[in-house]
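The structure under discussion appears below in the form of structure tokens.
The values are calculated or read from the model by the stated rules, or taken from the named source; none is laboratory data. Just so it is clear, the model here is predicted, and its values are computed rather than measured. So basically every Cβ, Gly included, is an ideal-geometry build from the backbone, and we count neighbours across all protein chains shown. Note: areas computed on protein heavy atoms with side chains; ligands, DNA, RNA excluded. Shrake-Rupley method; radii C 1.70, N 1.55, O 1.52, S 1.80 Å.
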Amino acid sequence: MESEQGSWTSALSHLECARCGTRYDADSPQNLCTCGTPLLVRYDLDSVADRVSTSDIAARPPDLWRYRELLPVRERKNVVTLGEGMTPILPLRTYGARIGVPGLLAKDEGMLPTGSFKARGAAVGISRAHELGIERITMPTNGNAGAAWATYAARAGMASLVVMPDEAPPITRMECAMAGARLYIVDGLIGDAGKLAGQAVADGWFNTSTLKEPYRIEGKKTMGMEIVEQLGWRMPDVIVYPTGGGVGLIGIRKALDEMLTLGWLTGKVPRLVAVQASGVAPIVRAYEAGAETAEPWENAKTVAFGINVASALGDFLILRAVRDTDGIAIAVDDEDTLAAQAACAAAEGVLMCPEGAATLAAVERLRGSGWLSGDEEVVVLNTGSDLKYPHAAAMAEPPLLAKDAVLPS
Ligand SMILES: Cc1ncc(COP(=O)(O)O)c(C=O)c1O
């Protein structure tokens, strides 16, 4: 077994266009392929298979850097960390039994630094940007990504410029401001924020928008690696993901492929489920139409703000991940999401963010339609802490008692 102080070797090889396959040098800053498509990170997997085993990984500290061979940071000294990774997988026995899926598990990403799974993409993306000498980053965001990237940028000593819609969760504004980001609020949606962030890019800020730099996927793919490791190096039957830009779903698929190639896993890949809100469901519409890409959604609206994405650059990758695994894309109503959120909190003590709760509403629908038989092991991703969303529907308003009041019996 390697010593913990010992090797730190990323097997990073090159970048590759997800559509046309053009190769790019990974050791200089890159954004999209010249054909406008996201770049995927490729590793020398043969060298990993020779060098590291699953038991070596099990002996490492419980953070996402335990998968360092399959992450893009070449030198340990460039890692920018706040202790991210290895979030718990919680059985939801009571709630699961109630909706007819007793094998329901939730991977709870609300425990991560900045309170959402965006910490994974930010930790890896910022570390690699730091390694490549980038000093200023910018992005449009629905809130959580901006908060995470601004926070990790602060930790790296980097400047950040974040643009977010005025409806994004106010706590994420506070996080950006506290982390010293240049923060702008736009009267519009994330696409409008993107246009403004584009001005900063033209001014020399490095573009870290969703899928416009290659390393965020690498951070998010560690959700897939952890699920597999935590289940004892085996795959669940189904993974259910709240899908906006789809980075997590694309990343989980990529992680499974890499681990299968390495021989760390065998068996059937889980059916991947992309969950959207019925008020903004471009991927579901494309899935149902049999299309390979998605048309932008008009008048996008949902309480699950993180998945309020009218148009996703990685649409074809999301649709491919769903179809190749015999999965499905499904839209749920906000009403059902909020009902599932409250029911799960009361039954399990697990307070999911609205995006996470949308996956619960989807599982219930899929069980109702027979798509789930009820015998499967189903992992839902709770992508953030509900504490970041003090929205009215979930706010109990208990009566205010006088100091000498007598409690009703
Ligand atoms: C809490 C939460 N869940 C899910 C998502 C969607 O993530 P992805 O871009 O990976 O689809 C977001 C994105 O902002 C989010 O903040």
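Tabulated results
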| quantity | calculated |
| --- | --- |
| Looking only at region 325-337, and only at residues there that are in contact (Cβ under 8 Å) with a residue 24 or more places away in the chain and away from the ligand (no atom under 15 Å from the Cβ), the one that is surrounded by the most Cβ atoms within 10 Å (Cβ to Cβ) | I328 |
| Boolean, L189 is under 12 Å from R136 (Cα atoms), crowded, with 16+ Cβ neighbours inside 10 Å and not polar (S, T, N, Q) | no |
| Conditions (1) within 22 Å of the chain's Cα centre (by Cα); (2) over 27 Å from V269 (Cβ atoms): number failed by A405 | (1) |
| Within region 394-409, tally of residues that are more than 16 Å from the ligand (Cβ to nearest atom), at pLDDT below 90 and either surrounded by 14 or more Cβ atoms within 10 Å (Cβ to Cβ) or aliphatic (A, V, I, L, M) (or both) | 4 |
| Filter pass, R128 being touching a residue at least 24 places away in the same chain (Cβ under 8 Å), crowded, with 24+ Cβ neighbours inside 10 Å and touching a Pro at 6+ places or on another chain (Cβ under 9 Å) | yes |
| Count of residues meeting criterion [touching a helix residue (DSSP H, G or I) at 6+ places or on another chain (Cβ under 8 Å), open to solvent by less than 10 Å² (accessible area, probe 1.4 Å) and farther than 19 Å from L12 by Cα] in region 224-264 | 14 |
| Pairs where the first residue, in region 136-157, is touching a residue at least 60 places away in the same chain (Cβ under 8 Å) and over 17 Å from L196 (Cα atoms) and the second is outside any helix (DSSP H, G or I) and within 11 Å of the ligand (Cβ to nearest atom), C-beta under 9 Å, 6+ apart | N144/S116; N144/F117; N144/A168; N144/P169; N144/C353; N144/T383; N144/G384 |
| Top-ranked residue of region 301-318 - restricted to ones that are in a loop (DSSP other than H, G, I, E, B) and within 9 Å of the ligand (Cβ to nearest atom), ranked as farthest from C20 (Cα to Cα) | A304 |
| Pick from region 368-387, criterion within 16 Å of the ligand (Cβ to nearest atom) and surrounded by fewer than 23 Cβ atoms within 10 Å (Cβ to Cβ), ranking: modelled with the highest pLDDT | S385 |
| Any hit, region 223-238, residues being within 15 Å of the ligand (Cβ to nearest atom), touching an Asp or Glu at 6+ places or on another chain (Cβ under 9 Å) and more than 29 Å from L70 (Cα to Cα) | no |
| Residue under evaluation M164, criteria (1) at negative phi; (2) within 14 Å of the ligand (Cβ to nearest atom); (3) under 17 Å from the mean Cα position of the chain (by Cα); (4) not hydroxyl-bearing (S, T, Y), criterion not met | (3) |
| One residue from T81, T37, T87, T54 being open to solvent by less than 10 Å² (accessible area, probe 1.4 Å) and closer than 24 Å to L112 by Cα | T87 |
| Subset tally (residues that are at pLDDT 95 or above and not in a loop (DSSP other than H, G, I, E, B)) for region 98-136 | 27 |
| Scan of region 338-356 for residues that are part of a helix (DSSP H, G or I) and away from the ligand (no atom under 13 Å from the Cβ), ordered by number | L338, A339, A340, A342, A343, C344, A345, A346, A347, E348 |
| Residue in region 273-291 that is least open to solvent (accessible area, probe 1.4 Å), counting only those that are more than 14 Å from V332 (Cα to Cα) and in a helix (DSSP H, G or I) | A286 |
| Residues being of a type in the set (D, E, K, R), over 15 Å from Q341 (Cα atoms) and open to solvent by 10 Å² or more (accessible area, probe 1.4 Å) - total across region 94-124 | 1 |
| Hey, E69 closer than 17 Å to I250 by Cα and not in a loop (DSSP other than H, G, I, E, B) or not | no |
| Residues satisfying the stated conditions in region 137-161, i.e. in a loop (DSSP other than H, G, I, E, B), within 15 Å of the ligand (Cβ to nearest atom) and not small (G, A, S) | T141, N142 |
| Test: residue in region 261-270 that is farther than 20 Å from G115 by Cβ and of a type in the set (S, T, Y) | yes |
| All positions within region 94-132 that are more than 16 Å from the ligand (Cβ to nearest atom), farther than 21 Å from L40 by Cα and in contact with a Gly (Cβ under 9 Å, 6 or more places away or on another chain) | G96, I99, G100, V101, P102, G103, L104, L105 |
| Members of region 32-48 found to be closer than 15 Å to R216 by Cα and not in a loop (DSSP other than H, G, I, E, B), listed by number | L39, L40, V41, R42 |
